[in-house]
Structure formats: structure tokens, C-alpha cells
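*Asks:* Take this structure first; my questions come after.
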Amino acid sequence: MYYILIRPAIRKMYYLFASFSLGAVSLLLFWIRRKKIDNSKTKAILLIKLERIGDLVLSLPAIRKIRSYFPESKIYMVATSYTKDIVEASPYIDELLVYDKAVSLKDKVSFIRMLRKYCFDLAIDLTTRNFMFLPVWILGFSKAKVTVGLNNYGRAFLYNIKVKPYPGVEIYGKEVMRILEPLGIKSDDYKPKLFLSKSNEEFIHMFFKERNINETVIKVVIHPGGYYDALRWEEEKYAEVTEHILSNYKAAVFFVGSKRETSLIEKIVSWAGDSKNILNMAGRLSLGESMALIAKANLFIGNSSGPLHIACGFDIPTISFLGPSIPERWRPQGEKNIVFRGKLSSKDYDIEYSQVKDYKQLKPITVKMVREAVDKILSKE
């Protein structure tokens, strides 16, 4: 959920080069394709989504509409190995095709050959504004009869149906849904809904049982990490909020995150008193297991990242912090979400997150403000 920023002049030159090269490739790959979609004859559909966890979660409403619009079709989806748990548990997808970016060229060629055997009637690239050409190449080589995608970043030459991007700012789910409009698919429901696999439901049952955590214990899941420091609320403040929860409620606090966030969370746990009611699960759970834990929470607290949108997908009350990102695009959908914003000027929308080394955007958000939000939600439990 971030933009790779390139200097405007270089970016323009790159787009021109990309457009030319993709145009040349499209001539080499040209085959006759139908441009009109006949639902009754659309037997196999390919969806491509190679972006991050949060991007995929926020694309689920569009995928849900594709499923309802093509109820008899078999829907395949190309996704990454780190998002596969979301796709595998979804009733909207019939088969997951995992694309691993780290594999050899030989394996990539084998993947493309495998795709071509499916003889897709329709392929949809669900990539939005991220600077990615990989989905276009996969779609172009898929041999699909009809291809659909956004006409941006010089990617449109391999699409039969080119969708004009919305010029302004809109929520991410709507941006993805817009790709489907030429197919006659429209919806104003942008709230994601997630599902758990049977194995992950069994996992979380045993997880709580082994730790003697019963239904009466309030479960709070916290994700203090995020891909960039600029998106994170301060570590010390997370520790103070954790102390507040444990001092005032019969609760267990679970920290989730990736392996690279382990040291960050260990620091917060230490500051919070290292209580037996704090469980640091960073780097210890698969994505599916983390989803199962979040799905059982009474409250989720975290920065703007994938776990936040997972919580919304399970309709869990959330408290979140949005740093230098566009709130109209990334704000959690639903009525159970309390969102805090720091001081942010319009120019901050265009900075590269990796260049921001402090928490200046989120500093105005005090512990007192978050404690009050916690009490507002947990007092109802």
C-alpha cells in the first residue's frame, strides 16, 4: 500500500519506453480475442492480484461481485505465496495459482505454460495504481480471449478492454471495483469479508485451549509495525496503552507481526511490564493463523497495514493510526472503526515513506486519546 516514487521527468520517460515496449510485445503476442463478454460462454476466468496483503483484502468486494456475476464460471486467481491463505479460504475463488517472484526463469516459463493450458475466456488485472508491470506480463502471456485492466502506467497495450483511471482520490475498494464497470459489474459495497480455513479454525481453538484463555477473557490484538516507520505510532505509547488494558480489564494482549518486527515488539512488551497476559506472536504465526487470532479479537489496535484491514474483514472493532497516506483511500470501512490522524499537510501525500525517519505526523495522537477510545469499545464487552 505504497507508491514507488520516481522523479517526474524520469517517470515520464519510463512510461513512454514501457508503452512502446509493451506495444511491440503485444504485436508479437497478437491473437484474435472476443471483446464482447457472453456470461453463458465464460467458463474460465483468471484474476491477477500480486500486491500486498491489505491491497488484496480491500479487493475482495470486487472479487465477490465477479463471483456473483459469473456464478457458473470457474474462477482462478494468481496471487503471491504470502497472500495465499486469504485466497485459499475464500469461497469466491475456485483455484489458487501461486506465483513466487523468487523462482528461477525456468520456473517462471513453466508457470506461464501452465497458465496457457487453462484457455481462459476472461482475464482481469486487479492492479490499481501501484507501479507494477508483472501482472501485465502474466495476463499477456495467459492466452486469455478477453483481457481487462486499468489504462495507466503504460500497461494498457495488452488489454482488450482498457479502463480509464479515476482522476481524483477515492477509496481503494471503489478503485478496484471501477475496473469491472465495462463488464457491467457495479456495486457500492466496498467492505471486505474474510473467511477462515477449517485448519485455521482448529488452530485457534487449540491455541486458546493450550493457554487456558476462555471466552470471558477480553482479547486485544495489537500490530505496532508497518512497512515504513512513518506509518507507525510511537512504540512507547503502544506500551502505555497495553499497560492500561491489562490494568483495567480481564484481558490478554496479543502482538502480531512479521519476523522483522520481532525486536520492535519485544521492546514494547518489555516496556509494558512483560506480563504473562501479553503474548508476543510476531514471526510465529502464518498469515492464516494470524487471521484466525484477529478474527477472535474483541479489539484490534494498529497502524495502517494489512492486519488492520484483516480485522475489518472480520468485522472486529479497530483503533488505527493513519500516517502519511491518503485517508480517503485507505481509511477502514465500517462503523466499528476509530481512526486517528496526526498533523499532515497535502505535500506529505507525495513523500516517499522510506525518507521519513520520525513519527512527526502521528505525534499529536496522545496516549490519553487512545485510552479513551479503548474504554469506549471495551466497556461494551
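*Asks:* Restricting to region 244-296, give me the number of residues that are out of contact with any helix residue (DSSP H, G or I) (no Cβ under 7 Å at 6 or more places or on another chain), buried (at least 16 other Cβ atoms within 10 Å of the Cβ) and closer than 24 Å to K380 by Cβ.
*Replies:* 4
*Asks:* Only residues in region 62-78 that are in the same structural domain as A89 (by TED's automatic domain parsing) and surrounded by fewer than 19 Cβ atoms within 10 Å (Cβ to Cβ) count as the first member; pair them with residues that are assigned to a strand (DSSP E or B) and of a type outside the set (V, I, T), Cβ under 7 angstrom, at least 6 apart or cross-chain, and list the lot.
*Replies:* Within 7 Å, the pairs are K74/A44.
*Asks:* Could you say which residue among S19, S73, S26 is of a type in the set (S, T, Y) and at pLDDT 50 or above?
*Replies:* Details: S19 fails: at pLDDT 50 or above; S26 fails: at pLDDT 50 or above.
Residue meeting the stated conditions: S73.
*Asks:* Which of the numbered conditions does K117 fail, given that it passes all the others? Conditions: (1) surrounded by 22 or more Cβ atoms within 10 Å (Cβ to Cβ); (2) under 21 Å from Y76 (Cα atoms).
*Replies:* (1)
*Asks:* Report yes if some residue within region 204-222 is under 22 Å from the mean Cα position of the chain (by Cα) and assigned to a loop (DSSP other than H, G, I, E, B); otherwise report no.
*Replies:* no
*Asks:* Still on this model: Condition (residue is touching a strand residue (DSSP E or B) at 6+ places or on another chain (Cβ under 8 Å), of a type in the set (G, A, S), at pLDDT 75 or above and surrounded by 13 or more Cβ atoms within 10 Å (Cβ to Cβ)) applied to region 54-61: is it met by at least one residue?
*Replies:* No, region 54-61 contains no residue that is touching a strand residue (DSSP E or B) at 6+ places or on another chain (Cβ under 8 Å), of a type in the set (G, A, S), at pLDDT 75 or above and surrounded by 13 or more Cβ atoms within 10 Å (Cβ to Cβ).
*Asks:* Please go through (1) touching a residue at least 40 places away in the same chain (Cβ under 8 Å); (2) in contact with a Phe, Trp or Tyr (Cβ under 9 Å, 6 or more places away or on another chain); (3) closer than 26 Å to L287 by Cβ for P135 and return the number of the only condition it doesn't satisfy.
*Replies:* Only one criterion is unmet by P135, namely (2).
*Asks:* Just name the residue that is surrounded by the most Cβ atoms within 10 Å (Cβ to Cβ) out of those in region 79-96 that are within 30 Å of S40 (Cβ to Cβ), touching a residue at least 40 places away in the same chain (Cβ under 8 Å) and not β-branched (V, I, T).
*Replies:* S90
*Asks:* Looking at region 330-347, is at least one residue in the same structural domain as L231 (by TED's automatic domain parsing), in a helix (DSSP H, G or I) and modelled with pLDDT of 75 or more? Spell out how you get there, then give the answer.
*Replies:* Applying the first criterion (in the same structural domain as L231 (by TED's automatic domain parsing)) to region 330-347 yields 330-347.
Retained after the next criterion (residues that are in a helix (DSSP H, G or I)): 330, 346-347.
Filter once more, so that each one left must be modelled with pLDDT of 75 or more: 330.
The answer is yes, given that some residue of region 330-347 is in the same structural domain as L231 (by TED's automatic domain parsing), in a helix (DSSP H, G or I) and modelled with pLDDT of 75 or more.
The values are calculated or read from the model by the stated rules, or taken from the named source; none is laboratory data. In this text, all values refer to a predicted model and were calculated from it rather than measured experimentally. Neighbour counts run over all protein chains shown; Cβ positions are idealised from the backbone, glycine included.
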